[in-house]
Every structure is written in structure tokens, then in C-alpha cells.
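Please read the structure below before turning to the comments.
The values are calculated or read from the model by the stated rules, or taken from the named source; none is laboratory data. What you are looking at is a predicted structure, and each value in this text was computed from that prediction instead of being measured. Quick reminder, even Gly has a Cβ in these numbers, built from the backbone with ideal geometry, and neighbours come from all protein chains shown. In case anyone asks, the SASA skips ligands and DNA or RNA and just uses the protein heavy atoms, side chains included. Shrake-Rupley method; radii C 1.70, N 1.55, O 1.52, S 1.80 Å.
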Amino acid sequence: MYDHRKIGRELGLFDSDPLIGAGLPYWLPAGAAVRHALESYIAEVERRAGYQQVYSPVLGKRELYEISGHWAKYHDDMYPPMDMGGEQLVLRPSICPHHALMYRSRSHSYRELPLRYSELGGQYRAELSGAIAGLSRVRAMQLNDAHIFCRLDQVAGEAESALRLINQAYADMGISASRYVLALPAEDAEFNSPSSKYVGDAASWAQAAGILRDVLKDAGIDYEDAPGDAAFYGPKIDIQVEDSAGREFSLSTVQIDFHQPAAFGLEYVGADSNKHRPVMVHRAIVGSIERAMAQLIEVHGGAFPAWLAPVQLVVLPISDDEEKRAVEVARRASDRGLRVEIAHADEGSLGARIRENRLAPYQAVIGAREDAAGELAIRERDGGKHEPAPIGEVLDRIAKISLPAAVRSGE
């Protein structure tokens, strides 16, 4: 594996500056292109899976996190409150309380459930300087988060569906999990006391853990129990990945939460016309975009899958005589949604330009013959070559195969 910090800077994907601060990276154009492609992919996959995208503010009143339990159980990882007009505002450490309030903002029928809210939103963790690790552990992150409000009998199915989305995303990204972990409360855990780490009651925790255990078994996934690693509000499935130094990080998660629906008084009207409490399933397909990008860089070393590559097609005119045609090809490729650049003839020999752009999935060489015939000869990153074919035909084919499998197949 590659070190994402070294490769990321060499390829101009991201960087940092002491004036911005540790754990607060910024994204350069090439990295922003990869990130945007990943975010667009997640949004499309979620849309097809029945999620509704929402947006919520990155600030909340301290009271919000007191109700959710974050202030009592998680405040060491939160930034200090900001006094504003007699109120205390906090940079949010988690998105779930905001989504709970969205659900509570209007009444719901059992017919609406499961209701799936998804958001790519900012959240903030007060990480100590010694804990910061490139993109893998940062202080400000964009989280691919979702919360599913459902009936108890729907929880297992929603958790199973979330695992399938995660596994499909990993396949499309070309990465793999190092371990699946069932994060549980400590074996001697106390619940719902001021000194305890966990909210709720033992029976609800056991029920949630049992559901997740059955989901993992039914999916045929090998996993390990991790007592003491649960979130304060419920057990979770953590999908672990490993970095180039052999350190493990949680990338994706599926969690069952009985606590916050009760804390915020969430309800739905059942088929019996009575009010019932929904269950909240927390789910992140790729977790934080920063950590997902770190893993992608380390696994691929900058040679990203075609749908993620910052430049998908490089056009190489052999001489100045083909520059006009190169500009036309680049325009037509861009019109098809491809990320394209021209390696101009005055930038060096053809061989040198091919080597310089070796990480691009596709290269289109235009010589006098291709220019006259209105054709392209494609070279693939792995060394494969294709016979010249009409420009439109070649670009249509590249645009199609440059989609991730889940989007291309309509799954």
C-alpha cells in the first residue's frame, strides 16, 4: 500500500497549512474532482435505494446535545460552546440529533416507514494533535450519514440493505474490509446512570445486539465481538479498513438506536391508530469522505478506478497540426460528462507525455491519420490498445464504462 499523505501531496490531491490548522486539510482541483465523483456516486446509490437527501446546520444549541446524550457521554470529543446572544451553540459532533428533529417536525403514519434521511454533512471532533493522521483522522469531516426511522419489524431488513450498499460501494471503489466488528457494551456495563458510559436499558441493548448479530450471520459475514466499543446509544457493526502502516480505522457502520427516538419523543401512527415509537438505524456507507479518500489513495496509489479518476481521458495530439482536432475531442468528451485534459504537442515528445499522464485510465492519441478520418486510437492505463474508431463511438463507450458498476447496471 501507499502512504496517502505522500501520494496525495505528490499528485496535488490535498494539502494543509499551519495557518488553517492541524487536522483541517484543503482539497486541490484534482482531489476535489475525485471527492466530487465519490459524493455523486453515493448520492445516486442512495437515491436508488429510497433515501431522501436532506441538509442540516453544522451548529446546534447545547440543549440539543444534552437531550441526545452527546453532551453527557461525548463532550470530551466536542468543541467548547460558543456564547451567542445568551445561547450556547456547539459545532456538532454528530448529525443524528438534527435528523431526529426533522422527523419530529411533522406527524408520520406507519405507511411512510421506513423513512430514510441521508446527508453529506459536516461534523467536528476535538481531536488532540497527537491523534491526527493525515486524512484518516481529522478535526472537520464531511460524513456520508443516514438515519432510517422504521418499525421494529423492519430493522433487520434495513440493516441488511445497508450492508449490501456498503459491500457494493467497496467493490466499486476497489477496496476491501480488513475486519467486520460487532461493537458491544463492556461486559460489566451499567446503563442509564450518570457515571455509566451507556444510555438506555440492558434489555434494549441486548435486543439491538441480537438483531445485528443475526444480520451478520444471515449475510454469511465473519465478524468479531468488540466489547466496550459500542456507541453510547447502541451497538453497531463497524467495517474496518487498514492503512499503509497497518493501523485500523472504522470506515462504515450500521447502528441500531432505541435511545434517541425515546429522548426526542419520536412517534408514528400505527395501523391500530395508536402512537408507536420508531427505531432509528444509523448508517454510513463510506463514513467520512476524508477517511474514504485516504483509503482510496493508499489502495490505488493515484491510479483510481475510471469513474473516480480526476482526469479520465487525456487527449494527445502528435503535433501542432492535430491541436484543433484535440480541442474538438476534449469538448465532445466534456459534453458527455468525462473529465478530460489535453497534453499539448509543445509539452514534450509523445512518449514523454504518455508517461506523464500514465495514471489516466484512457489516452487518445491523434495523429494525421486519425485527424483526417475523424477517429481516435485509445490506449488504456494497463497497456491495452484499441484500433482507431469514430470519435463519437469511442467517447460514448468510454463514458459508459467510466461509470461505477452499481450505477451502470442500475442495481
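Below, the figures for the structure above:
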{"quantity": "Among (1) outside any loop (DSSP other than H, G, I, E, B); (2) open to solvent by less than 10 Å² (accessible area, probe 1.4 Å); (3) of a type outside the set (S, T, N, Q); (4) more than 26 Å from Arg213 (Cβ to Cβ) - the single one Leu135 does not satisfy", "calculated": "(1)"}
{"quantity": "Unmet criterion (only one of (1) assigned to a helix (DSSP H, G or I); (2) surrounded by fewer than 21 Cβ atoms within 10 Å (Cβ to Cβ); (3) modelled with pLDDT of 95 or more) for Ala159", "calculated": "(2)"}
{"quantity": "Helices (runs of 4 or more DSSP H) within region 1-112 that include 3 or more residues closer than 28 Å to Glu356 by Cα and open to solvent by 20 Å² or more (accessible area, probe 1.4 Å)", "calculated": "4-10, 29-48"}
{"quantity": "Unmet criterion (only one of (1) closer than 30 Å to Leu135 by Cβ; (2) surrounded by fewer than 16 Cβ atoms within 10 Å (Cβ to Cβ); (3) small (Gly, Ala, Ser)) for Ala202", "calculated": "(1)"}
{"quantity": "Top-ranked residue in region 172-199 [being at pLDDT 95 or above, in a loop (DSSP other than H, G, I, E, B) and hydrophobic (A, V, I, L, M, F, W, C); ranked as surrounded by the most Cβ atoms within 10 Å (Cβ to Cβ)]", "calculated": "Ile175"}
{"quantity": "Sole residue being out of contact with any Phe, Trp or Tyr (no Cβ under 7 Å at 6 or more places or on another chain) and open to solvent by less than 40 Å² (accessible area, probe 1.4 Å), chosen from Ala372, Ala368, Ala377", "calculated": "Ala377"}
{"quantity": "Tally, over region 310-326, of residues that are open to solvent by 30 Å² or more (accessible area, probe 1.4 Å) and assigned to a helix (DSSP H, G or I)", "calculated": "5"}
{"quantity": "Odd one out for Gly234, checked against (1) small (Gly, Ala, Ser); (2) open to solvent by less than 40 Å² (accessible area, probe 1.4 Å); (3) over 22 Å from Ala156 (Cβ atoms)", "calculated": "(3)"}
{"quantity": "Answer from Pro227, Pro261, Pro278 - the residue that is surrounded by 19 or more Cβ atoms within 10 Å (Cβ to Cβ), over 25 Å from Ala43 (Cβ atoms) and not hydroxyl-bearing (Ser, Thr, Tyr)", "calculated": "Pro261"}
{"quantity": "The listed residue being more than 19 Å from Glu328 (Cα to Cα) and open to solvent by less than 50 Å² (accessible area, probe 1.4 Å), out of Ala406, Ala399", "calculated": "Ala406"}
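Listed here are the residues, each with its yes/no results for (1) crowded, with 21+ Cβ neighbours inside 10 Å; (2) among the basic types (Lys, Arg); (3) touching a Lys or Arg at 6+ places or on another chain (Cβ under 9 Å); (4) not in a helix (DSSP H, G or I).
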| site | (1), (2), (3), (4) |
| --- | --- |
| Val286 | yes, no, no, yes |
| Glu290 | yes, no, yes, no |
| Gln295 | yes, no, no, no |
| Phe304 | yes, no, no, yes |
| Leu308 | yes, no, no, yes |
| Glu328 | no, no, no, no |
